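For reference, the structure discussed in these notes is given below.
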C-alpha cells in the first residue's frame, strides 16, 4: 500500500463528519461479516472498525462479549481474519482498523501481527487495554510498518489528554463514558471540554464512541467531534438477525449516517 495508515484514515474525515461502525469478525460467520462491511460502506460508513475476538474482552459490555463468544465458538482465528481482510481489500477501499487486545497481538507475535496488518491493508489498530504509558511496546513496530496506533482518551484521562493528543496517530478515540461498551440512554460526560483540549494539541481528528445508539445521540456527538463510532447497537442487530442482518443493519447505518451529517 502506498499510503500510510494515518494518511488513509485521514480520508475518512475529509468529507465532513465521519461515521464509524464496529463489527466483530466472524459473528455470526466471516462470510456474513464481509457482506455487512460492504453494506455499511454502501450506506455511508467512512471507516470500519473490525473486532478480533478475544476470550476476555475487558472493555466490552455483554452485547460485544456475546459476539466475541459466538465468533470464537464458530472457529474464527486471527489467521482467518487476516485472510478475510485480504479478500475484503479487493473491493473495499475505506480505511479499516482493528480493535483487539494487547494479548492477541502478543500471542501472535507483535512484529508478525503488525507486519501482516500492513500487508493485508489494515490502516490502524486500537488496543483498549494498552495503557498510554506502555504503548512503546508496539509504537516502534507500528511506525515501521505504517500502521497507526490509535490512542483512546477516557473521562479519567484529564491531565494526560494533552500528552496523548500530541502523539496521536490516525484518529483519537474518545470514550464517552466510564465503564464498558454498551448502549446508554444518556451520555453525561463533559465531552466538549475534552475535545477542546484535543483540538488545542493536535490536528488529528477525534471520534466519540461507547454508548451511542440513537440518531439523536449520534447527531449530538457529531456536533462535538469529527466522527461517531457505533458498536453495541450494530452488534445487537446482528445478534437478533444473524446471517440475515444486512437489510436491517443497512437501514440503521443509513439513519445514523444521515443524523451525523445533519447540520
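The numbers here are math on the coordinates, done by the rules we state, and not lab data. If you're wondering where the values come from, they're calculated on a predicted model, not measured in any experiment. Cβ: placed from backbone, ideal geometry, glycine included. Neighbour counts: every protein chain shown.
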* **Largest-first principal axis extents of the Cα set of the chain (Å)** => 43, 40, 34
* Asked: Based on the alpha carbon coordinates of region 85-137, what radius of gyration and maximum Cα-Cα distance (Dmax) apply, in Å?
  -> 11.9, 37
* Structure fact -> Here the relative contact order (percent) of region 5-261, from C-alpha pairs under 8 Å and at least 6 apart, is 26
* Structure fact -> Protection proxy (average C-beta count within 10 Å per residue), highest first, orders 132-144, 203-215 as 203-215, 132-144
* Structure fact -> For region 57-111, the Cα convex hull volume per residue in Å³ comes to 115
* Just subtract the alpha-carbon distance of residue 31 and residue 115 from 0.36 nm times their residue separation and send over the number in nm, one decimal. => 27.8 nm
* Structure fact -> Log entry: pair-distance distribution for region 189-246, C-alpha pairs binned every 10 Å from zero, whole % per bin is 22, 41, 24, 11, 2
* To do: Grab the alpha carbons of region 119-263, take their convex hull, and tell me the volume per residue in Å³.
  => 131
* **Whole-angstrom gap from region 95-168 to region 204-252, using each part's C-alpha centre** => 22
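Sort region 30-182 into rounded, prolate or oblate with this rule: let a ≥ b ≥ c be the square roots of the eigenvalues of the Cα gyration tensor; rounded if a/c is under 1.5, and if a/c is not under 1.5, prolate when a/b is larger than b/c, oblate otherwise. Let's see the in-between values first.
Working: a/c = 1.44, a/b = 1.29, b/c = 1.12.
Rounded shape, in that the Cα axes give a/c under 1.5.
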* Asked: Does region 1-68 come out rounded, prolate or oblate, given a ≥ b ≥ c as the square roots of the eigenvalues of its C-alpha gyration tensor, rounded meaning a/c under 1.5 and, failing that, prolate meaning a/b above b/c?
  -> prolate
